[in-house]
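S.K.: Below you'll find the structure I mean.
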Amino acid sequence: MAPIKPHWVQPSHPDRLHLIVNEAEYTSKSISKITLPPFALFAKLEYPPCTPAEKPTYATVQCGRDKHLDLNSDLLYINHSCEPSLIFDTGNMNVIAGPKGIQIGEELTFFYPSTEWTMAQPFQCLCGKPTCRGLISGARDMTDAQLSGIWLNGHIRELLEEQRGRGYDNNLSINTLSTTTTANASTTAMDCNLSDNNNNNNNSEKFAELELDQTARSLRDALTHAEKVVEAARNALTSYVGAVNAKSASNKVPEGAQRRGPTSRELSGEMGGDTEVVA
Ligand SMILES: [Zn+2]
């Protein structure tokens, strides 16, 4: 990527991104400082704050049909690869690990046409991967085969369907959106509401009925796995906190006047404890 003068505080992601700049060759490389499982959150695009860009440049990412963002952080140095380690989910303002996850020391890359319909500066890819697509100039110029197996943003899928005259698959789009609820629930596991159990378990069943491509199947499997993680953590938290509370409560109140289970607000520390006991 061409040189750019950073106007943000560097490093912008000191705990997870190690930037190596080769000033002589105008090249850079971003190395992961963390290990993540498939589709886990690498960074939110909200901080440092992205700002709307008037037009696409080599320093922007596309987040909608006519919307482009300046990243304003070291994330903009992340190189393209035809077998990328990251996904830029610009519709949801997330950067997440790819389907294989990320290892410490691995180069951070993403597939530029997954966000870009056309590119300000097309380039010949030198990623060296067996599936290298060669000239990268945006999704508009790529065949179905070249885009197969790659996660693409909603705006790119929509534009491709229009270009191919196929009409966008709204059914998949709507169901894809419903994962947002579950994803949010996962990130706030500590703020769980115990009665939410049922809501969290329904999405993967919904996807099972759809005909999904390989990328969607991987995402659905990751979602099912994440739901199990959330459920196990929720149960473990309930047992852990609940057992201690029950013990201290049983010292103060007679048998038979057993307290109710801890609420999620108590579990998250938002409330001081069991009001029944305090009273
Ligand atoms: Zn390549």
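S.K.: Taking residue 53 as the residue in question, decide whether it is among the small types (Gly, Ala, Ser) and more than 17 Å from the chain's Cα centre (by Cα). Steps first, please.
M.R.: Values: among the small types (Gly, Ala, Ser): yes; more than 17 Å from the chain's Cα centre (by Cα): yes.
Against the criterion (among the small types (Gly, Ala, Ser) and more than 17 Å from the chain's Cα centre (by Cα)), residue 53 qualifies.
S.K.: So which residues in segment 21-61 are in contact with a Leu (Cβ under 8 Å, 6 or more places away or on another chain) and not in a loop (DSSP other than H, G, I, E, B)?
M.R.: Within segment 21-61, 28, 29, 30, 31, 32, 42, 43, 51, 52, 53, 60, 61 qualify.
S.K.: Okay, next question. Going by the structure shown, is residue 99 away from the ligand (no atom under 14 Å from the Cβ), surrounded by fewer than 22 Cβ atoms within 10 Å (Cβ to Cβ) and part of a loop (DSSP other than H, G, I, E, B)?
M.R.: Yes.
S.K.: While we're looking at this one, here's another question. Hey, any hits in segment 82-90 for a residue that's surrounded by fewer than 14 Cβ atoms within 10 Å (Cβ to Cβ), among the small types (Gly, Ala, Ser) and within 15 Å of the ligand (Cβ to nearest atom)?
M.R.: Within segment 82-90, none of the residues are surrounded by fewer than 14 Cβ atoms within 10 Å (Cβ to Cβ), among the small types (Gly, Ala, Ser) and within 15 Å of the ligand (Cβ to nearest atom).
S.K.: If the requirement is being exposed (fewer than 12 other Cβ atoms within 10 Å of the Cβ) and farther than 16 Å from residue 114 by Cα, which of these qualifies: 52, 48, 37, 6?
M.R.: Residue meeting the stated conditions: 52.
S.K.: I would also like to ask the following. Taking residue 60 as meeting all but one of (1) within 27 Å of residue 227 (Cβ to Cβ); (2) surrounded by 21 or more Cβ atoms within 10 Å (Cβ to Cβ), write down the number of the exception.
M.R.: Condition (1) is where residue 60 drops out.
S.K.: Scan segment 30-37 and give yes if some residue there is small (Gly, Ala, Ser), over 26 Å from residue 123 (Cα atoms) and either assigned by TED's automatic domain parsing to the domain that holds residue 139 or touching a helix residue (DSSP H, G or I) at 6+ places or on another chain (Cβ under 9 Å) (or both), otherwise no.
M.R.: no
S.K.: Right, something else. Only one residue in 24, 43 is closer than 23 Å to residue 154 by Cβ, in the same structural domain as residue 138 (by TED's automatic domain parsing) and away from the ligand (no atom under 16 Å from the Cβ), so which one is that?
M.R.: On the way: 24 fails: closer than 23 Å to residue 154 by Cβ.
That would be 43, the only listed residue that is closer than 23 Å to residue 154 by Cβ, in the same structural domain as residue 138 (by TED's automatic domain parsing) and away from the ligand (no atom under 16 Å from the Cβ).
S.K.: Pairs, please: C-beta under 7 Å, at least 6 apart or cross-chain, first residue surrounded by 15 or more Cβ atoms within 10 Å (Cβ to Cβ) and in segment 227-241, second small (Gly, Ala, Ser)?
M.R.: Final answer for the pair search is 227/204; 230/185; 230/186; 230/189; 234/189.
S.K.: Return only the number of the condition from (1) within 16 Å of the ligand (Cβ to nearest atom); (2) out of contact with any helix residue (DSSP H, G or I) (no Cβ under 7 Å at 6 or more places or on another chain) that residue 113 does not satisfy.
M.R.: Answer for residue 113: the failing condition is (2).
Residue-wise test of (1) closer than 23 Å to residue 34 by Cα; (2) within 16 Å of the ligand (Cβ to nearest atom).
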| residue | (1), (2) |
| --- | --- |
| 95 | yes, no |
| 104 | yes, no |
| 108 | yes, yes |
| 120 | no, no |
| 140 | no, no |
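The values are calculated or read from the model by the stated rules, or taken from the named source; none is laboratory data. These figures come from a predicted structure and were not determined experimentally. Methodologically, a virtual Cβ is constructed for each residue, glycine included, from the backbone with ideal geometry; neighbour enumeration extends over all protein chains shown.
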